[in-house]
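The values are calculated or read from the model by the stated rules, or taken from the named source; none is laboratory data. Since the structure is predicted, the reported quantities are computational estimates derived from the model, not experimental observations. Cβ atoms come from the backbone with ideal geometry, glycine included; neighbour counts cover every protein chain shown. When the accessible area is computed, the model is the full protein with side chains, heavy atoms only, and any ligands, DNA or RNA have been set aside. Shrake-Rupley method; radii C 1.70, N 1.55, O 1.52, S 1.80 Å.
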Amino acid sequence: MPTPLRINGLVAATCTPLDPGGGLNLSVVPAYVDHLIDRGIRGLYVLGSTGEGVSMTSEERRDVAEAFIEAAQKRLPVIVQVGHDCLTEARALAEHAERSGADAVSAFAPPYFKCDSTTRLIDCMATIASGAPELPFYYYHMPAFTGVRPDLSQLLNAGAVAIPNLVGMKYTDEKVNEFQSCLESAEGRFEVLWGRDEMLLSGLGVGALGAVGSTYNIAPEIYLQLMDACERQDLKAARAWQLKAVRMIEVLLRFPIFASIKQVLAWNGIPLGPCRLPLPSLKRDQGLRLRHDLEEAGVLEFVLAADPSHVMPVKS
């Protein structure tokens, strides 16, 4: 029976590299993965919201998954997000991920025809997870996008019976009490990965060990310092680092956020191209303003830090 990955650290929700015309540009993936590993990332979450997986064909999604799995070379775990409105397609993507060497699969609730009960959602996830029975399966809880808010305790505990490879979830919501309850379910059997970058301190405070996030792509040093401060029980320093992250995210949200993350990575020598419609891409004047605003917010040095040793400490 598959067991949780037990990731202790940051998991980057990866972007998908595109060429100027919107096609895949997978030649960039090896350098991108090396860059993330060099900056302290401990896992990859591929083809989630940040990776625009829902905007790609199944064939493209297979190609992207293969590229990241090959580039990772088992140096860190790769979780492939396979959610789809068509459960047959999602199951086939899970099967491909297992065959290609992924370390785990994950899936969100079908967002168009929504599940009318937690039991129905369990049935859907069981269908998907059965495509990769030898891999750990993580439910992707993202109600802001899917509009689905199941009873998560029921999902985990009843789901573990219907889904033998269910090991936990990626929790992307703001209910810290609900997250904590999930962590404590079945005496800590499940791995629940925190999914809100701007609230990482809250997640750590109730027991999170691993976290998946978009902005870990561009400023992992901020979050690594935050986690280190928590480990040292220096709450004042931890709050200061979390505030740095909040200020950075406030700037990113003034612009198309996924395109902004790609722009920052391009500044670091990782050209990931535009976003695919319906997501907007960043215009040149927006890129200039983004850089200016990040500098004004006091975080430009972090998003441009290729070497963690160059990071200046935040005064607590």
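Short to long, the 5 Å bins of the Cα pair-distance histogram for segment 127-251 hold 2, 11, 20, 20, 19, 13, 9, 5, 2, 0 percent of all pairs.
Could you give the distance between the Cα centres of segment 81-142 and segment 175-208, to the whole Å? Each part's Cα centre sits 21 Å from the other's.
Under Stokes-Einstein, with the Kirkwood radius over Cα pairs as Rh, the value for segment 154-221 at 37 °C and 0.692 mPa s is 263 µm²/s.
For trypsin sites (Lys or Arg not before Pro), the sites in segment 176-240 that DSSP calls loop and that have at most 13 other Cβ atoms within 10 Å are 232. Apolar share of the accessible surface for segment 125-196: 49 percent from carbon plus sulfur atoms, 1.4 Å probe. Looking at the square roots a ≥ b ≥ c of the eigenvalues of the Cα gyration tensor of segment 217-269, which shape do they give, rounded for a/c under 1.5, prolate if a/b is larger than b/c, or oblate? Because a/c hits 1.5 or more and a/b fails to exceed b/c, segment 217-269 counts as oblate. Taking 14 Å as the straight-line reach from the Cα of residue 175, the aspartates and glutamates in range (excluding those fewer than 8 positions away in the same chain) are 151, 197, 198.
Label sites at residue 8 and residue 295, each approximated as a point 7 angstrom past Cα along Cα to Cβ, lie 4.0 nm apart. Here the scattering of segment 186-316 is modelled by Debye summation over its C-alpha atoms, one equal scatterer each and no solvent; at q = 0.22 Å⁻¹ the log10 of I(q)/I(0) is -1.32. Between residue 43 and 12, the built amide H atoms are under 5 Å apart, and every one of these is 5 or more places off in sequence or on another chain.
Taking Rh as the Kirkwood radius computed over C-alpha pairs, what is the Stokes-Einstein D of segment 190-229 at 4 °C in a medium of viscosity 1.567 mPa s, expressed in µm² per second? It would help to have the intermediate numbers written out before the result.
Values: Rh = 10.2 Å.
After rounding, the answer is 127 µm²/s.
Using a cutoff of 8 angstrom between alpha carbon atoms and counting only pairs six or more residues apart, the relative contact order for the chain works out to 19 percent. Hull volume per residue, based on the alpha-carbon atoms of segment 1-143 and their convex hull, is 111 Å³.
For the cross-link pairs 236/262; 114/283; 170/262, the ones whose C-alpha atoms lie over 26 Å apart are 236/262; 114/283. A full extension of the chain between residue 120 and residue 266 corresponds to an added length of 48.3 nm, given 0.36 nm per residue minus the alpha carbon distance.
For the chain, pairs of C-alpha atoms spaced more than 34 angstrom apart make up 18 percent of the total.
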